[in-house]
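A.B. asks: Structure in structure tokens, see below.
Quick note: the coordinates plus some simple rules give every number you see, no bench work behind them. What you see is a predicted model; the values in this text were computed from it and never measured. Note: ideal-geometry Cβ built from the backbone for every residue, glycine included; neighbour counts use all protein chains shown.
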Amino acid sequence: AQKITQTQPGMFVQEKEAVTLDCTYDTSDPSYGLFWYKQPSSGEMIFLIYQGSYDQQNATEGRYSLNFQKARKSANLVISASQLGDSAMYFCAMRESSSARQLTFGSGTQLTVLP
Amino acid sequence: DVKVTQSSRYLVKRTGEKVFLECVQDMDHENMFWYRQDPGLGLRLIYFSYDVKMKEKGDIPEGYSVSREKKERFSLILESASTNQTSMYLCASSPRPPNTGELFFGEGSRLTVL
């Protein structure tokens, strides 16, 4: 079974609008962490936001917020006020306590921001 | 500023050649990783290392080996390159726990095997 599922291969959003990128995960570990990375066309992976499984509040970092719904095992990324520079591939990833060091990644969502 | 450096951004090799992909980090991180990225498949872990001379297989180690002789350097080796190893290769590092486990990535090496 896939541990991280991103069901949207591609998304379009109008500039200045908000967009939600979906991510569901599968783990039986009680302790885990969820990450979102951005990969522009240049190729580098940019860390955006982190949510721990025991964190009470949803994580936020500037225009990025993580909509964490533990019972549904979802960790959707919300980007507010989209900018042209947000056009990139976005990856959701998980670190499980049973495999403390490596991250497991989803297949990614290609976001295109339209002017 | 933290830095993970991969030696080559683009490589073109012939089938059967031995290929070395080098990765160096300057953050004194204990953990280092090699991922492979393919369209529609995301990033898949090839090998990782949590200490000098230590290595662990990831999800897709077949056809690859690694070397970590120094803490800052982690090399990925393709003993006999094949066309199905044409891909983007990403190196990453992270410090020893406790921490979030965030990975710091290099810029990637795009390998084409002809």
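A.B. asks: Structure shown: which of B:K13/B:K53; B:K18/B:K55; B:K13/B:K55; A:K73/B:K71; B:K18/B:K53; A:K70/B:K55 lie over 30 Å apart, alpha-carbon to alpha-carbon? Show your work: numbers first, answer last.
C.D. replies: Values: B:K13/B:K53 27 Å; B:K18/B:K55 20 Å; B:K13/B:K55 26 Å; A:K73/B:K71 36 Å; B:K18/B:K53 21 Å; A:K70/B:K55 33 Å.
As for pairs spanning more than 30 Å Cα to Cα, those are A:K73/B:K71; A:K70/B:K55.
A.B. asks: Moving to a separate point now. Provide a whole-number value for the mean count of partner chain Cβ atoms within 10 Å of the Cβ atoms in peptide B:56-64.
C.D. replies: Values: counts 3, 0, 3, 2, 0, 0, 0, 0, 0.
If you average over the peptide's residues, the count of other-chain Cβ atoms is 1.
A.B. asks: Out of residues 5 or more away from A:Y32 or on other chains, whose amide H comes under 5 Å of its own, with H placed 1.01 Å from N in the peptide plane?
C.D. replies: Amide H neighbours of A:Y32: A:S53, A:Y54.
A.B. asks: Can you give the mean number of other chain Cβ atoms that lie within 10 Å of the Cβ atoms in peptide A:38-46?
C.D. replies: On the way: counts 0, 6, 0, 0, 3, 11, 6, 12, 1.
For this peptide, the per-residue mean of nearby foreign Cβ atoms is 4.
A.B. asks: Under a 5 Å amide H to amide H cut-off, with H placed in plane at 1.01 Å, what residues pair with A:A18 once short-range neighbours are removed?
C.D. replies: A:A81, A:S82
A.B. asks: Let me ask another. Expressed as a whole number of Å, what is the distance separating the alpha-carbon centroids of region A:1-18 and region A:75-115?
C.D. replies: Taking the Cα centre of each part, region A:75-115 and region A:1-18 sit 8 Å apart.
A.B. asks: Within the set of other residues whose C-beta is less than 14 Å from the C-beta of A:F68, count the net charge using Lys and Arg as +1 and Asp and Glu as -1. Provide the component values of the computation, followed by the final result.
C.D. replies: Numbers: positive: A:K70, A:R72, A:K73; negative: A:D22, A:D55, A:E61.
Every neighbour counted, the sum reads 0.
A.B. asks: For the protein assembly as shown, what is the convex hull volume of its Cα atoms per residue in Å³?
C.D. replies: It is 126 Å³ per residue.
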